[in-house]
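The values are calculated or read from the model by the stated rules, or taken from the named source; none is laboratory data. On a predicted model such as this, the values are computed, not experimentally measured, just so you know. Cβ atoms come from the backbone with ideal geometry, glycine included; neighbour counts cover every protein chain shown.
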Amino acid sequence: MKQSILFILLISYIFSGCKTTPDSNKPTPSGAAGVMIIVMNDKVKKTESGKKLWDMMVQPMIGLPQEEPMFDVSVIPHRSLSDFMKTYRNLITVEVGAGVQEEGIKFYRGTWAKQQALVRIEAKSIESFDKMVTENELKLVGFFTKAERERLIKYFNSSFNQKLSDKLKEDWKFSMSVPRDFELRKEDKDFIWMSHETAKSSLGLLVYQFDYVGEGSFSKEYLLNKRDETLMNQVPGEYEGSFMTTEHAFPINYQVINTPNDSNVVVMRGLWKVQGDMMGGPFISMAHYDKENNKVIVTEGYSYNPEKPKKRNMVRQLEAILQTYNRNFKQKK
C-alpha cells in the first residue's frame, strides 16, 4: 500500500466522474481540515477488509519531516450517524450484507454539506467489499485528497493579497492567489520571495526562473541544482554565511503531473534546511515551462514551525496556493 501512495497524488489531480449536488442552501461542512469519518458496523470494522480501508486512509503523507497520516480517521457504526455527523467534510459509508440491492462504489460532492466529499461503498459480502476497496485504492484516496485541495483553493481564490497577486501578473505574467497576510520579502528580475512571518513560524512562497535548455531542464538533478543555487544566493539565514538549501539526506519525491491551468508540471516534495543553522521544514515546488519566453518558472512553498510538529495541513495549504498558478488569466482593462 505504501508504494501506491506515489501514484495517489497524480490520481488526485485528474479524478473526475463524481455526482455533484448544488450546495448553496446547505450548511458548511463539520470537522477540521484532514478529518474523516468512516461509517461501518463493528462486524465489518473488525475484518481484514475493514482494516484495509482504515490503513488506506491513514497511510503516511509524502514529504513531511515526521510521519503523519493523510487523514485523521474515526470509525463509527451506522447507529451513530446523526444529522450532525452527516455534514462532515470527508465521509465514507459502508454497507455490507445480503440486503444490498446494487453493489459498487459511488462518489458524491455536496450531498449533506457544502463542498462535502462522500463515498458510498455497498457490497453483498465481505469478499466483494474487499475486492472493491483493493481495486479502487487510488480513486478513493485521490478523491478525498482532491476535495481537501479544492476547498483550500476556493478559499485562497476568494481571499488573497491583491497587491502581491497583481505584481505577479505584471512582472511574471501569471496569476496566483497569494494569501492576504503575506508580505514581500525580496525581489529582483528572476526571483521573488513572499512570506507570512510570526515570532515562531514562517510560511513562504518563492518564485524564480532560469533558461530552458532542453528536456534536461526538468530533470530532478537539474531542478535541485538550480534550486540550491538560487536559495544560496537569494535566501540568507539569520547568521552570516548561512542560507537556505535542500536537505539531500531526506528523499525527494519527484512527479510529473497534469493540472487544470498548465500541462506537464514537475512537482517535487522534500525538506529544506538552513546551512549553518538548525532551521528546517517541508517544501513543495512546481516547475512550469514558459514556452513564450523559453524559461522554466518554479513556484515553491515552504513552512517553518518548530513548535507544531504536525505539518500536513500547512503543506496542503501551500500546495493549494501553488495550484492557483495560471498563465491564461485575463488582464483587467
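Applying the criterion of at least 2 residues that are aromatic (Phe, Trp, Tyr) to the strands (runs of 3 or more DSSP E) found wholly in region 191-247 leaves 191-197, 202-211. For region 119-131, the tally of residues that are over 13 Å from Glu48 (Cα atoms) and crowded, with 18+ Cβ neighbours inside 10 Å stands at 4.
Quick one: which residue in Phe210, Phe182, Phe191 is assigned by TED's automatic domain parsing to the domain that holds Asn293, of a type in the set (Phe, Trp, Tyr) and in contact (Cβ under 8 Å) with a residue 60 or more places away in the chain? Checking each option against the conditions leaves just Phe210. Within region 84-116, restricting attention to residues that are touching a residue at least 60 places away in the same chain (Cβ under 8 Å) and assigned to a strand (DSSP E or B), the residue that is farthest from the chain's Cα centre (by Cα) is Lys106. If I filter region 261-272 for residues that are assigned to a strand (DSSP E or B), without any contact (Cβ under 8 Å) to a residue 40 or more places away in the chain and touching a Pro at 6+ places or on another chain (Cβ under 6 Å), do I get at least one hit? The answer is no; no qualifying residue exists.
Looking at Val207, Val213, Val235, Val266, just one residue is over 23 Å from the mean Cα position of the chain (by Cα) and closer than 27 Å to Asn313 by Cα, and that residue is Val235.
Can you name the residue in region 234-255 that is loosely packed, with under 12 Cβ neighbours inside 10 Å and more than 12 Å from Gly270 (Cβ to Cβ) and is also modelled with the lowest pLDDT among such residues? Here the answer is Glu238. Can you tell me which residue within region 299-323, out of those that are at pLDDT 95 or above and touching a helix residue (DSSP H, G or I) at 6+ places or on another chain (Cβ under 7 Å), is surrounded by the most Cβ atoms within 10 Å (Cβ to Cβ)? So, considering only residues that are at pLDDT 95 or above and touching a helix residue (DSSP H, G or I) at 6+ places or on another chain (Cβ under 7 Å), the one surrounded by the most Cβ atoms within 10 Å (Cβ to Cβ) is Thr299. Within the option set Leu140, Leu152, being touching a helix residue (DSSP H, G or I) at 6+ places or on another chain (Cβ under 9 Å), in the same structural domain as Ile62 (by TED's automatic domain parsing) and within 30 Å of Lys46 (Cα to Cα) holds for one residue only, Leu140.
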